[in-house]
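One structure below.
Readers should treat all values here as calculations from the given coordinates under stated rules, not as data from a laboratory. Worth saying up front: this structure is predicted, and the values here are computed from it rather than measured. All Cβ positions, glycine included, derive from the backbone under ideal geometry; neighbour counts span all protein chains shown.
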């Protein structure tokens, strides 16, 4: 099976996206410190809620390790703001409504649910090093234990 999306050692595709709380985030402007991007299918669905809460609960531990964490989906900023408020999320969420970033990271894929094919975001996480290179990739993420695995990788465990 061939690898899809940017791989370790390759430059992380740059982007500028709106962020919860206002303003925009440009990935290349964050160089000098590692960044975690977790792509998730949709706000307020069970797995996405668990994952976002998980990253929020450990947000200070990522910050102590000098790492910024962002969640990305194709939901609108309005949906992100409501999702963040409803679940008291501390992890910033980025809105990729036109899909350019999910395409660049090749996480916009064909899914097959109960025999019905549709396009959607494959749950995936990218750890980007301080120089803007992909350091580690998790594809087809299962939520239980994932935040711990990313935190271990960040800490070099």
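Report, please, the projected area of the range 59-133 averaged over directions, based on the convex hull of its C-alpha atoms, in nm².
For the range 59-133, averaging the hull's shadow over all directions gives 6.5 nm².
So what is the calculated 222 nm ellipticity per residue for the chain, using -39500 (n - 2.57) for each DSSP H run with n of 4 or more, over all residues, to the nearest 500 deg cm²/dmol? Could the numbers behind the result be given before it?
Working: 5 runs with 42 residues, N = 157.
Theoretical 222 nm ellipticity from helices: -7500 deg cm²/dmol.
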For the chain, max minus min Cα coordinate along each principal axis, in Å, sorted largest first? 43, 40, 29
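Of all beta bridges DSSP finds with both residues in the chain, what is the antiparallel percent, to the nearest 5? Before the final figure, lay out the partial values.
Numbers: 20 of 28 bridges.
The antiparallel proportion sits near 70 percent.
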At what distance in nm do the modelled label points of residue 116 and residue 86 sit from each other, each positioned 7 Å from its Cα along Cα→Cβ? 2.0
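When only Cα pairs under 8 Å and 6 or more residues apart are kept, what is the percent relative contact order across the chain? Please list the in-between numbers first.
Numbers: 286 pairs, mean separation 48.9, N = 157.
Relative CO of the chain lands at 31 percent.
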How big is the range 1-61 along each principal axis, measuring the range of its Cα positions in Å and listing the largest first? 36, 31, 23
